[in-house]
1. Rounded if a/c is under 1.5, else prolate if a/b is larger than b/c, else oblate: which is segment 13-117, with a ≥ b ≥ c the root eigenvalues of its Cα gyration tensor?
2. What are the radius of gyration and Dmax of segment 34-189, computed over its Cα atoms and given in Å?
3. Could you calculate the FRET efficiency of Gln205 with Asp247 from 1/(1 + (r/R0)^6), where r is the beta carbon distance between them and R0 is 30 Å, rounded to 0.05?
4. For the residue pair Glu218 and Leu22, what label-to-label distance in nm results when each label sits 7 Å from Cα along the Cα-to-beta-carbon direction?
5. Quickly estimate the mean residue ellipticity at 222 nm for the chain, helices only: each DSSP H run with n ≥ 4 gives -39500 (n - 2.57), and the total goes over all residues, rounded to 500.
6. When only alpha-carbon atoms count, how far does the chain stretch along each of its three principal axes, as whole angstroms with the largest first?
7. So what is the relative contact order for segment 186-246, in percent, with contacts set as C-alpha pairs under 8 Å and at least six apart?
8. Arrange the peptides 27-36, 93-102 so that the one whose residues have, on average, the most other Cβ atoms within 10 Å appears first.
Amino acid sequence: MRVAVTVEEIRNQVKEWKREGLSVGLVPTMGALHEGHASLVDASVKSCDRTVTSIFVNPKQFGKSEDLDSYPRTFDEDCRILEERGCDMVFAPTVDVMYPDGFGAEIQITTDMVNQLCGASRPGHFKGVCTVVGKLFNIVAPDKAFFGEKDAQQLAVIRKMVKDLNFDVEVVGCPTIREADGLAKSSRNVYMNEEERNAAGILYQSMLKAQELIKNGERSAETIAEQMKALIATEGMAQIDYVRIVDGLTLLPTDEVKAGDLVALAVCFGNTRLIDNFTVSF
Ligand code: AMP
């Protein structure tokens, strides 16, 4: 497995693969890899001839008071995991490579979907995500790109960007990988102390509760969200940002729950902000 740091290196390699008629999958990450990331690599390795994983902690998607400086960086261990899973190339640019002096472009989705859910509490976040992912698509020119359903709003926003700007790439969503108690795996889980980590298990319980309510015929989005919040609130450490049910494509709020809607939540335990979601199916 090779590591490319410059745009030229990765482009030359991908061009060579394309000349040989090989398909290329891209897995964009910020590193600190876990089984969730590895499952995206597995999906790419399975359906593409060659897999590129990018590792780049993108400053543009962090707010001023967010955890850019403390974000975990575990490059050597990341490379070990990627090699083991059959990744062919790592693209690990520096901030200067991605945003050289005088850089002045951005990609912004202008529909209301970016103001919903995490967009409300993280202004500018999705502009940062779209800008870096758009650049990665232009640099790597993958046939397919793999993203986790765990970051459902990110996935929806990227699909919208690809559609509206005609990026020639197939976006593949991959299921959320969870810990034994159902907590979604996340690079940020390491921030939590033992007490917070144990309390965080309530998030998955609240989603199971919602699924049970829906299975029993409940269709009021408000009732379902309220019951989830009440359950989460039984953990004194939980500070709820939002629990909301939205249309799976537009991300606008739903009154009456239908198949394809997204049940999404963001909750803080101490300083750690966790997100999770599931898609409604009847
Ligand atoms: P990140 O490094 O947090 O930016 O995540 C990189 C990619 O991994 C994104 O597409 C995430 O949605 C995906 N991802 C993160 N956690 C999980 C998980 N638990 N299961 C599946 N995919 C995940």
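Quick note: the coordinates plus some simple rules give every number you see, no bench work behind them. Keep in mind the model is a prediction, meaning the values are calculated, not measured. Ideal geometry is used to build each Cβ from the backbone, glycine not excepted, and the neighbour counts take in all protein chains shown.
1. Prolate is the answer for segment 13-117, as a/c is 1.5 or above and a/b outweighs b/c.
2. According to the Cα coordinates of segment 34-189, Rg and Dmax are 15.5, 47 Å.
3. Working: r = 25 Å, r/R0 = 0.83.
Step by step, r from the Cβ atoms, then E = 0.75.
4. That separation, rounded to one decimal, is 5.1 nm.
5. Numbers: 10 runs with 106 residues, N = 282.
Using -39500 (n - 2.57) per qualifying helix, the result is -11000 deg cm²/dmol.
6. If we take the Cα atoms of the chain, the spans are 55, 39, 39 Å.
7. Details: 35 pairs, mean separation 20.5, N = 61.
Across segment 186-246, relative contact order equals 34 percent.
8. On the way: 27-36: 21.5, 93-102: 12.5.
Highest to lowest by the protection proxy: 27-36, 93-102.
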